[in-house]
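See below for the structure under consideration.
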Ligand code: SF4
Ligand code: SF4
């Protein structure tokens, strides 16, 4: 066990070294279409390469402890200081699309020893990560700054063509 | 001790035969309130809320509520104030509302709805037994039984129940039921929980949420006030809250204490004009109740001092 851990850590270090000359090739896709949850809003066409630049090439800014690049939060470090790179890269590989669905709730209930019980669902993983950074660093924060509302969205929010006809003022009750 | 006294007093037959029957049945039911071990709840994390009002829209659709006055993505509602300068409250058309509070840590948004008390004052206060606390945790009501006396509106420590005035002769209570009919009873989370982009709300067993809430506080030093609002307030509520600023800065009443509130603790006077006009008998009942409550309190004080009554 110890042996393997050391090996993995070693490999991660080697990868990290490699990552410097390979930076361009290793920065992932140009754009990512985030569409698995699109309903009220159109899919997000996420400019991945622009964000890699903003993050100064540090993948872990967003892909927390999945790509083996440092920046580990103290809470995670209690167990994961030497965990190395996880195989999961996409948010949806870990964050459940239906966080409060019967299946996931049952899974949690049965697996009483599971530590990660407070893992956000996929929709929240996106928003907490993206908006969290946008709010801190002055990025765009309006809903439609990232995804345009669909017609279903307009019906849902009673916006646009579904907006309520304003009442005459002073007609309470 | 307190509880025993209360039960005794509830069973005291203050309101004549029929009412006394209702009351004692209710008192018996209240014994199981703390005993629903698997009841569900919602943990609301105020630090995550961005004030997008998606939860309000989700509620409106799920509960088939009338069209709002403004679109749900109109944020000017945060500046609306009532006649006494108060922020928006729940109404017959909106079972949940989001308000903005300007705090030392910047704007904080707070979603507001029925907290689904463990020992609901609305339920205790209702004379026709229109309310039920379900084993799943929801506080629901039967509009067919409700006579529209508005006692629960006055009794609720959080000022939640609203009334539909669409029928002047038959107003009925309107409030959040935790999506009991359409979701909760099938094990599904309330519509607002699922719709929220930020997962401000975590749905789960109340007892698990208490652990989870404290863990979130522990794992994020400095982020939260070290308190889970609703864990103990008024005997505990199914909806509980985490906040990064003092709760009284974001519209929470921090003076409620940890004992379930009896219907008659709140200002009776506020109720008098209405009750007098609507149902004089009801007022008589309340007057008796108030008198008896004093007596019960005295008895309790004596007991606490170890004096045999
Ligand atoms: S918050 Fe008010 S309406 Fe809701 S259960 Fe408690 S007392 Fe009843
Ligand atoms: S949907 Fe969530 S983030 Fe938006 S206002 Fe409601 S609780 Fe806040």
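Here, each number is a calculation from the coordinates, and none is a lab measurement. These figures come from a predicted structure and were not determined experimentally. Cβ: placed from backbone, ideal geometry, glycine included. Neighbour counts: every protein chain shown.
Some points to look at:
- For residue A:150 and residue B:211, the FRET efficiency from 1/(1 + (r/R0)^6), where r spans their Cβ atoms and R0 equals 45 Å, is about 0.70.
- Solution diffusion estimate, µm²/s, Stokes-Einstein, the stretch B:40-108, Kirkwood Rh from C-alpha pairs, 37 °C, viscosity 0.692 mPa s: 247 µm²/s
- Convex hull volume per residue for the stretch B:34-259, taking Cα atoms only, in Å³: 126 Å³
- Within 10 Å of each Cβ in B:58-66, the average number of Cβ atoms from other chains: 1
- Sorting B:230-236, A:107-113 by their mean Cβ neighbour count within 10 Å, with the most densely packed peptide first, gives B:230-236, A:107-113.
- Extending 7 Å from Cα along the Cβ direction at residue A:39 and again at residue A:75 yields two label points whose distance is 2.7 nm.
- For residues of A:158-165, the mean tally of beta carbons on other chains within 10 Å: 5
- Average other protein chain Cβ within 10 Å of Cβ, residues B:211-220: 2
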